[in-house]
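The values are calculated or read from the model by the stated rules, or taken from the named source; none is laboratory data. Nothing here was measured: the structure is a model prediction, and the numbers come from that model. Glycine gets a Cβ as well: all are built from the backbone with ideal geometry, and neighbour counts include every protein chain shown.
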Amino acid sequence: MSASPAYGEEKGGSGLGEPEYGHDPASGGIFSSDYKRHDDLKEMLDSNKDSLKLEAMKRIVAMIARGKNASDLFPAVVKNVACKNIEVKKLVYVYLVRYAEEQQDLALLSISTFQRGLKDPNQLIRASALRVLSSIRVPIIVPIMMLAIKEAASDMSPYVRKTAAHAIPKLYSLDSDQKDQLIEVIEKLLSDKTTLVAGSVVMAFEEVCPERIDLIHKNYRKLCNLLIDVEEWGQVVIINMLTRYARTQFLSPNQNESLLEENPEKAFYGSEEEDAKEDKPDAASLVKRKPYVMDPDHRLLLRNTKPLLQSRNAAVVMAVAQLYFHLAPKAEVGVIAKALVRLLRSHSEVQYVVLQNVATMSIKRRGMFEPYLKSFYIRSTDPTQIKILKLEVLTNLANETNISTILREFQTYIRSMDKDFVAATIQAIGRCATNIGKVRDTCLNGLVQLLSNRDELVVAESVVVIKKLLQMQPSQHSEIIKHMAKLTDNIQVPMARASILWLIGEYCEHVPKMAPDVLRKMAKSFTGEEDIVKLQVINLAAKLYLTNSKQSKLLTQYVLNLAKYDQNYDIRDRARFIRQLIVPTEKSGVLNKYAKKLFLAQKPAPILESSFKDRDHFQLGSLSHLLNTKAVGYQELPDWPDEAPDPSVRNVEEETSFPLESHIGLLGEHREVPEWTKCTSREKRKEKVEKPFYSDSEGESGPTESADSEPESVSESESESGSGSSSSSGSGSDSGSQGAESGDRSEERRKKKKGKEGPRKAFLDTAGSNPSEEEEEEQGKKGKRKKKPQHEGKGDSGSSWEEGSVSESSSSESDSGSEAEESQSEPESKRRPTPPSSKAAPKATRKGTKEISLLDLDDFTTAPPQPASSPSVVSTSLVTDLEGLSLTDTSLASTLLSPTFSAVRTHELLHRMAGEGLSVEYCFSRQPFVPDPHMVAVHIQFSNSAEAEVKGLRVCAPRLLPGIRLQEFPEIESLAPGDTASVVMGIDFSDSTQAANFQLCTHSRQFYVSIQPPVGELLAPVFMSENEFKKEQGKLTGMSEITEKLTLPDQCQSDQAIVQRVMVAANVSRVPCGADHVYRFAAKTVTSGSLVLITLERKDGARAQLTVNSEKMVIGTMLVQDVVQALAP
Amino acid sequence: MIHSLFLINCSGEMFLECDYFFEAQEKATDVENVPPVISTPHHYLISIYRDKIFFVSVIQTEVPPLFVIEFLHRVADTFQDYFGECSETAIKDNVVIVYELLEEMLDNGFPLATESNILKELIKPPTILRSVVNSITGSSNMGETLPTGQLSNIPWRRAVVKYTNNEAYFDVIEEIDAIIDKSGSTVFAEIQGVNHGKPSCAIGQINNPRLLDDVSFHPCIRFKRWESERVLSFIPPDGNFRLISYRVSSQNLVAIPVYVKHIISFKENSSSGRFDVTIGPKQNMGKTVEGVIVTVHMPKAVLNMNLTSTQGSYTFDPVLKVITWDVGKITPQKLPNLKGTVNLQAGAPKPEENPSLNIQFKIQQLAISGLKVNRLDMYGEKYKPFKGVKYITKAGKFQVRT
């Protein structure tokens, strides 16, 4: 307020100022174009009071807003760029950005301030300095900008990195020579893992280098997974870009259908793939053997975008809709209709754009919108442009079944006040009539009735449409033609008159008496007609002359003479031309003979089609599509490739350790897929099996389900990451032997490449990878090399497994005799399934204690002493240990084995967001739970990504269903920010897949959580011999036996693959078996100890039969399902 | 992306001129008929019309039109939020804040911060008190630090929110869209619902999720829980927000709470006509229908109306030919009726079309679809917050054809 009196007076003095419109000096602006007035502004800017400066700046900004030139204040303003007051500063920035281009020299004065700002500890200041610096369009500072962007791209704050991404297109538009350097920055930022940056950098990518699709490969899966958390504007850009990407990288999901359809060229697909197969055994063979298998990455994109259809932002919904339209298999496109219909409730501008797109879609996929037909009904209050678009959609949707309702609707529309709309409706009726033969006569009758409408526009439009309809079947409708001939007296609209005349001329043989009369009337009024009518009169005259020269010869002469002196040269030309053509003279040649043929040739009926036809070659939702012309900067939507490019380019090399640099307050964010996209564990399982690669590549659920992923290696890496230590020396020493091994395995591995994507992908999110520019093949190799620790795990476990099985099988062979004796000696123990479990219990405890001691011996102190944290060490040493303990063979026979293929698929218990920074994951470690053998051990990992310590983490108030028991884990006293801790708790699910619900309490909060086990986790492996197995199986027949036939996919033809898949699905152990094509597995339920026996028998070819024997029928049935799914392709 | 932005009022004056746009504006008879996307030789103009102001953005290259339209609406929403109204005067009075806002919302044409919470932390909305305080203390309207929401994954909520009273109110507002034809049968009806809410972490449960044909969510809703358990679990933003919008499809029978009896006819050659409209309640589950307003766009030939109403008052705008009848509450005992004669232009032919009636109404304490918020649990609060749910059924685009 202090300032206002001062200038208020002055203003009164000068009296020249423009009317004051803002009375509040803080919010408005008083200004004047008077030059002198700027002096006081300058003074105010030079003063040392912030309030005065602010006032001055506000007035200046108000001037800019009014479009007044304030450039002469530049020097005074620029001085204030270093002002401490942040509001003044911001307004100075606004001013600078506006005028810097005009006053380049002076603008340079401010640069040093920004350079200082770039180093400011406050991220907001760093960011805004970069924003302004990059907005100053002065070519001389390009190098400075480049440097600033590069620096900001590796800033700690994601916000600053985001700003850097925004700055890239600005610099590019200023100096496109910087492209190469900018691409480097883009590449770097593309690998950023924060959602904040993702949208902005893709935007920059689209502006600078949309053709460099190769930069996306490495980031594709990450972008898909992050998508849901990206801010909405970024989502739009990313989805549009990914649509284009997917078009270049994947095969058309509809190619089978298009094969069947009209597209004959595509029939060559098959042969092409035949050839392709030789070159690319990986990708092409996949395509060839099955007609079409969707690339898992393709599926990933479709699934991760689907929830966004629920977005509140219309642009996002539209983006997803177009993605589905362009990329999804036909059967799945339907989901977008609902969301698009919803958008019709929105603002009229949104409706306009959406309807344009719906119109295009409804031509190709009519069925999609049919259920929503009524949503396109027109209200009298709709703006005309919306009405016409809705009409278009209704017409496109019309088919034999709904045409009657649509026509009834149309009848209402015809009575509307809006004449443009009525005309459009009549045309729509015409289109319906041409498309649907059944209603053609009805429509025609309706239209004829309209001919007696009082409104001339309606009549005229009807005439035009009727003309088109009649052309299709003129012979049946001479009555209508007669009726229309009569109309010439009344109707004045030129287009309609012209149409009638044409009709009469064309079908003059149907109205032989009336035609000359019409011509007579027209000849009379010829001079007063519009040009278009005159031309048709000449036409009519010519045609009549040819068919009925006796009556019309003179009339024709007369008309042609009139036309000869017409003002319009077109008409004069036409008259001259026709005269030469039809009136025989000595000079006229052969043409004369053919005049009749020329004029009365059969003319093809016009095809009334939508103006939206073929618009879909533009990417839907784009500006170009809306305008139906290519807009500047439009990126063509590429056609599907004939054969898929190598999918392995999207594989990302993984690192075993976490990047130390993490996002502020969002630790661990990148490890998990946003909560939305996950489904419950059971659902996931099912889906997994249907589309095996897809969920693997999702990476969220942990790597275990794919055949050769190794639980050991994962848990190793987890423990490493948890402790933050570098990789253990043990694995390092192993790598040599692994290298040797990898040679022979490489062949096999290539076959299983697909399967391996799972683990590899699992690391995608965890690895802080810097995508290198190496060639793709090299990357493949590199990926392999980098994956070594994992392979070691594999090698380890593979050997351990082999070792185990060898020793076991040998022992089982050796003691088959003794066992027989034993079985005789202990008959009851075999009959009932309980003895093994009672036997196993002490074993298990012994093993458990052993483990712990082993852990202490090994250098794993950094990791929390959980049995699950180092199973590889345990399992290998356990076997030797057991041998060392010289256990008798008999005892081994029913030992509960430590599982070789444990499922370390982690499930989310509490999402970071729900837990206010505390995120909790759990997995079934498949270790026996030491305190109580009837419980399933659940390995829970807490990580605290909040800023505060979490204290007193414990379980409380379990609300359990009857029978379910729960052994709580010891309270975690405190968990520092950024820390993780793991515990094991035991849950007795009482052999059901009911969820165990309980609360997780911290010192301040409590969260409701629930753990639901897959059926395979309710089992504990049991070792038994084949004989024993058969014996037990013999007891469990009838109701307890469930058989299922299945077909084994190509991926699991090998013994190993089958065994692994089964063992991943359920916690069972394999029973050594003499027969070649029979696999047997045994386990018992954890709670009641009932035996569960699985037999898988391979028949000829890929067919197989699965038998599960179990007393617990429910478990048996569910297990069958799970195993079948595990073995599905 | 968005190259520049212009605000233009109805008569076509404001910030800067934009010839092509005006040309199109002149061509269109009605403001609503200005095409949202106009192509010019060098630029593309994308405009929206809100509260008598055209927001026109100029773009130079390909960009999804909805992207721009949605953003412009967001800008208009923000103005509304800041200034209470999005009018020409409000914008003129706050030009500086408008500039500051746009500066934050756009960076080089790409939307930057559009979440109102973030913006409000960066730039405080103008209040009389604040402007007084600012001019005395010299403090500014600008936030000095980066808004925390900008960095988090939940940008709609500020990091530390403290309220003296913690309340959660939910408004379930349902709108009935319907077209009723001449004979009184429903051509098309559907219900659009909106759930508005106010703060705290909460889980809401609604009685019959299957009712909802299609939903769209505020980003705060956890989609996964909705998918699996049909429970709305969310960390709500501060202040008012639209939690979910949903659509109850026309497949489920929609109960239409009112009926209309109407006779609108024009006599041939006598330049007069009859107008008789009665409105009555039906199927409203014992609740009264309130705030009933009937609007009729009469044909152009109508000169004047001479009517009497048994209830409420009516006005006729002879320029726009719109008759508005404010009925108020409907009491079933005495049905409101509006009756009288219509005077037509002498000599004009009898109007062909029959006008359609647009009806607005409101029913308190009723969600016509039968939707209910069964439970509302809040977590993470030590004290018991106040919770409340309110139901309103309104007419949306409710049209009766005659």
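A few remarks follow.
- Residue among B:I48, B:I91 that alone is in contact with a strand residue (DSSP E or B) (Cβ under 9 Å, 6 or more places away or on another chain), at the interface with chain A (Cβ under 7 Å from one of its Cβ atoms) and over 20 Å from A:S200 (Cβ atoms): B:I48
- Tally of residues being surrounded by 18 or more Cβ atoms within 10 Å (Cβ to Cβ) and more than 10 Å from chain B (Cβ to nearest Cβ) across the range A:345-364: 7
- Residue count for the range B:292-306, restricted to those that are over 24 Å from B:T393 (Cβ atoms) and either touching a residue at least 40 places away in the same chain (Cβ under 8 Å) or buried (at least 18 other Cβ atoms within 10 Å of the Cβ) (or both): 8.
- Residue count for the range B:203-235, restricted to those that are modelled with pLDDT under 70 and farther than 23 Å from A:V335 by Cβ: 4
- For first residues located in the range A:515-527 and within 17 Å of A:I491 (Cβ to Cβ), partners that are assigned to a helix (DSSP H, G or I) and among the basic types (K, R) and lie 6+ apart or on another chain with Cβ distances below 7 Å form the pairs A:F526/A:K534.
- Single match in B:G239, B:G328, B:G312, B:G291 (criterion: under 30 Å from B:Y82 (Cβ atoms), modelled with pLDDT of 80 or more and more than 12 Å from every other protein chain (Cβ to nearest Cβ)): B:G291
- Just one of the listed residues (A:I228, A:I239, A:I216) is more than 14 Å from every other protein chain (Cβ to nearest Cβ) and part of a helix (DSSP H, G or I), and it is A:I216.
- Residue in the range A:323-341 that is of a type in the set (G, A, S), out of contact with any strand residue (DSSP E or B) (no Cβ under 8 Å at 6 or more places or on another chain) and at the interface with chain B (Cβ under 7 Å from one of its Cβ atoms) present: no
- A:E509 fulfils the conditions (1) closer than 17 Å to A:L562 by Cα; (2) touching a residue at least 12 places away in the same chain (Cβ under 8 Å); (3) of a type outside the set (S, T, Y); (4) surrounded by fewer than 24 Cβ atoms within 10 Å (Cβ to Cβ) except for a single criterion, (1).
- When B:I69, B:I38, B:I46 are checked against the criterion of being over 21 Å from B:K120 (Cβ atoms) and not in a strand (DSSP E or B), a single residue qualifies: B:I69.
- Residue identified as out of contact with any helix residue (DSSP H, G or I) (no Cβ under 8 Å at 6 or more places or on another chain) and of a type outside the set (A, V, I, L, M) among A:D180, A:D214, A:D192, A:D175: A:D180
- Positions within the range A:13-67 being facing chain B (nearest Cβ under 10 Å) and modelled with pLDDT under 75, in sequence order: A:Y21, A:G22, A:H23, A:D24, A:P25, A:A26, A:S27, A:G28, A:G29, A:A65, A:R66, A:G67
- Selection count where residues are surrounded by fewer than 18 Cβ atoms within 10 Å (Cβ to Cβ) and more than 28 Å from the chain's Cα centre (by Cα), scope the range A:155-200: 8
- Identity of the residue in the range A:1081-1126, touching a Leu at 6+ places or on another chain (Cβ under 6 Å) and of a type outside the set (V, I, T), that ends up modelled with the lowest pLDDT: A:A1102
- Wholly within the range A:594-691, helices (runs of 4 or more DSSP H) carrying at least 2 residues that are more than 14 Å from chain B (Cβ to nearest Cβ) and either at pLDDT below 75 or farther than 26 Å from A:L196 by Cα (or both): A:595-599, A:681-690
- Only one of the listed residues (B:L320, B:L303) is of a type outside the set (S, T, N, Q) and assigned to a loop (DSSP other than H, G, I, E, B). That residue is B:L320.
- Note on the range A:1020-1112: enclosed strands (runs of 3 or more DSSP E) holding 3 or more residues that are over 40 Å from the mean Cα position of the chain (by Cα) and surrounded by 22 or more Cβ atoms within 10 Å (Cβ to Cβ) are A:1078-1085, A:1091-1098.
- When the range B:307-338 is filtered for residues that are among the acidic types (D, E) and either surrounded by 20 or more Cβ atoms within 10 Å (Cβ to Cβ) or over 21 Å from the mean Cα position of the chain (by Cα) (or both), only B:D317 remains.
- Single unsatisfied condition, A:E908 versus (1) modelled with pLDDT of 75 or more; (2) assigned to a loop (DSSP other than H, G, I, E, B): (2)
- Here is the figure for the range A:454-478: residues that are surrounded by fewer than 18 Cβ atoms within 10 Å (Cβ to Cβ) and under 18 Å from A:I491 (Cβ atoms) total 4.
- With a requirement of 3 or more residues that are at pLDDT 85 or above, the helices (runs of 4 or more DSSP H) lying completely within the range A:477-527 that satisfy it span A:494-506, A:514-524.
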